Amino acid sequence: MAQADPSDTFAALRPQLLGLAYRILGSLSDAEDAVQDTFLKWDRAELEEIEDPAAWLTTVCTRRSLDLLRAAHRSRVSYVGAWLPEPIQTPSDSDAERDLERAASLTTAFLLVLERLTPKERAAYLLHDIFDASYREISETLEIEQDACRKLVSRARANVEQAKVRHRTSTERQEQLLAAFKTAVTSGATAELATLLSDDVRLSADGGGKVPAARKVLLGQDKVLGFIAKGLHSFWADFGWHVADINGGRALVLEKGGTTVAIVTFAYDESGKVTDIFIMRNPDKLAKLGPVALH
């Protein structure tokens, strides 16, 4: 029987590696770097000595992602304003969209909860609860005992469950919210939107210090609705709007002169009320927006 081509083996596993790296890093650009570094190491390896290519590649990609995460954390100390994960377009016919559990693990809210975890907690949780790795495999990847892996996953899971971000909101509810948000921005009328927001809704905007954006997180309906009706209404009313699947949910994409200038995503509680509005304005994070094949 002919052996599989190494390039074909890597290509088949690339969406899974990219999905893992993206969730660890919250950045598609950094995730692509981690996957490329993994490929270079794979290309130089003695492949006949590798018994389980998938496990080997996952280990290399995880370790490289953790290295990049530590470097990223140092740079985020001086980040201007709120930091939000880099948005990715998840086509409605992708594996992530068909698998509701994995789609929920791509949301901005979920990725921000991961930011609260230590790097090893994040990796262990993702490998076990999202990518179904065994504790033995995680132990070998992170080079720690299996009991330590179980503790890492348990602590991480408690944080994620407390945040209540791993649930899905119906498409109909999401579409209703998008329409109400657009109406509020374009007309300044916020009555319908107000009925869809939680009392303690938050609005976070990431401009990266490169474009105008709210520097502080706005908390509460009054502040959030006031900002939308006055600030966003003044600056966004003439933008082009369309709906897209971003990070596993329905989102608004705003364009000006053929260039994407903002993406708005939302987080919902279990009753369907909006708990968070996330506005991505950083042009560096918007530059590569397009369909992404990841697991």
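Looking at segment 179-197, is at least one residue surrounded by 18 or more Cβ atoms within 10 Å (Cβ to Cβ) and either among the hydroxyl-bearing types (Ser, Thr, Tyr) or assigned by TED's automatic domain parsing to the domain that holds Leu117 (or both)?
yes
When segment 218-250 is examined, which residues are found to be surrounded by 14 or more Cβ atoms within 10 Å (Cβ to Cβ), touching a residue at least 24 places away in the same chain (Cβ under 8 Å) and farther than 16 Å from Glu86 by Cα?
Taking segment 218-250 first, the residues surrounded by 14 or more Cβ atoms within 10 Å (Cβ to Cβ) are 218, 220-221, 223-225, 227-229, 231-233, 236, 239, 241, 243-250.
Of the ones still in play, those that are also touching a residue at least 24 places away in the same chain (Cβ under 8 Å) are 221, 224-225, 227-229, 232-233, 236, 241, 243-250.
Within segment 218-250, Gln221, Val224, Leu225, Phe227, Ile228, Ala229, Leu232, His233, Trp236, Trp241, Val243 meet the criteria.
With the requirement that a residue be in a loop (DSSP other than H, G, I, E, B), of a type in the set (Ser, Thr, Tyr) and surrounded by 12 or more Cβ atoms within 10 Å (Cβ to Cβ), what does segment 140-178 give you?
If the condition is that a residue be in a loop (DSSP other than H, G, I, E, B), of a type in the set (Ser, Thr, Tyr) and surrounded by 12 or more Cβ atoms within 10 Å (Cβ to Cβ), then Thr169 is the only one that fits.
If I ask for residues that are among the charged types (D, E, K, R) and not in a loop (DSSP other than H, G, I, E, B), which ones from segment 195-214 would you list?
Step one: list which residues in segment 195-214 are among the charged types (D, E, K, R), which gives 199-200, 202, 206, 210.
Asp199, Asp200, Arg202, Asp206, listed by residue number.
Which is crowded, with 19+ Cβ neighbours inside 10 Å, at pLDDT 90 or above, over 18 Å from Arg14 (Cβ atoms) and out of contact with any Cys (no Cβ under 9 Å at 6 or more places or on another chain), of Leu57, Leu84? Talk me through it step by step, then tell me what you get.
Values: Leu57 fails: over 18 Å from Arg14 (Cβ atoms).
On inspection, the qualifying residue turns out to be Leu84.
Return only the number of the condition from (1) at pLDDT below 95; (2) part of a helix (DSSP H, G or I); (3) crowded, with 20+ Cβ neighbours inside 10 Å; (4) touching a Ser or Thr at 6+ places or on another chain (Cβ under 7 Å) that Leu106 does not satisfy.
(2)
When you look at Gly209, is it farther than 14 Å from Asp276 by Cα and either surrounded by fewer than 19 Cβ atoms within 10 Å (Cβ to Cβ) or small (Gly, Ala, Ser) (or both), yes or no?
Values: farther than 14 Å from Asp276 by Cα: yes; either surrounded by fewer than 19 Cβ atoms within 10 Å (Cβ to Cβ) or small (Gly, Ala, Ser) (or both): yes.
For Gly209, the condition - farther than 14 Å from Asp276 by Cα and either surrounded by fewer than 19 Cβ atoms within 10 Å (Cβ to Cβ) or small (Gly, Ala, Ser) (or both) - is met.
Among the residues of segment 1-60, what is the count of those that are in a helix (DSSP H, G or I), free of Cβ contacts under 8 Å to residues at least 40 places away in the same chain and more than 19 Å from the chain's Cα centre (by Cα)?
Residues that pass the stated criteria total 17.
Please work out which residue is modelled with the highest pLDDT, limiting yourself to segment 215-244 and to residues that are part of a loop (DSSP other than H, G, I, E, B) and under 20 Å from Glu175 (Cα atoms).
First, pick out the residues of segment 215-244 that are part of a loop (DSSP other than H, G, I, E, B): 215-217, 220, 237-239.
Filter once more, so that each one left must be under 20 Å from Glu175 (Cα atoms): 237, 239.
Working: Ala237: 77, Phe239: 91.
Checked segment 215-244; the qualifying residue modelled with the highest pLDDT is Phe239.
Filter segment 276-295 down to the residues that are touching a strand residue (DSSP E or B) at 6+ places or on another chain (Cβ under 9 Å) and surrounded by 18 or more Cβ atoms within 10 Å (Cβ to Cβ) and list them by number.
Asp276, Ile277, Phe278, Ile279, Met280, Arg281, Asn282, Lys285, Leu286, Leu289, Val292, listed by residue number.
The values are calculated or read from the model by the stated rules, or taken from the named source; none is laboratory data. Computed from a prediction, not measured in an experiment: that's the story for all the values here. Here Cβ is always computed from backbone atoms with ideal geometry, including for glycine, and neighbour counts include all displayed protein chains.
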